[in-house]
Amino acid sequence: MTTPQHATITTETGTVSGTERTDRERESALLPPAEREEFVRRLHQTVNGFVDEPRRSVEEADALFDEVFRRIGALVAERRHGLRAPWHGEGATAETEELRNALRRYRDATERLLRL
C-alpha cells in the first residue's frame, strides 16, 4: 500500500515523489516521519531561495546537511548501543537463540544503512 506524502525530491538518480515511498520504506527510515518532513521542508525552502540569494541558499544547505548528518549519526550510535548491549561486554552470556536474534537485528539495521 502506498500513502501520499507532500514532498518531491530530485536526487542524482532521479525524482522521487512522496507517493512512491512504500510503507516498508517509511518504517525503515532512520528519522521519525515528522522530523524527516521538517528537514525536507527546510531543504525546499533553501532551494527555492536560491534565485534571490544564491550564497545564502548554499550556506543554509550546508548548515542543513550538517544538522541532518549529525542527527542521523546520533541515531545510528544509539541503535548500535542497543544492538550490542544484550550480547557484548563483561558478564554477557547470550544463548544461541539470543545470538540468532542479535544477528537478525544487525542484518536489518545494516540493510537500513545501505538504503541511505
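The values are calculated or read from the model by the stated rules, or taken from the named source; none is laboratory data. Here the structure is a predicted model, which is why all the values come from computation and not from measurement. Cβ: placed from backbone, ideal geometry, glycine included. Neighbour counts: every protein chain shown.
Observations on the model:
- Checking each residue in the stretch 88-116 for being surrounded by 11 or more Cβ atoms within 10 Å (Cβ to Cβ) and not in a helix (DSSP H, G or I) picks out HIS88, ALA92, ALA94.
- Those helices (runs of 4 or more DSSP H) lying entirely in the stretch 1-87 with at least 2 residues acidic (Asp, Glu), modelled with pLDDT of 85 or more and surrounded by fewer than 10 Cβ atoms within 10 Å (Cβ to Cβ): none
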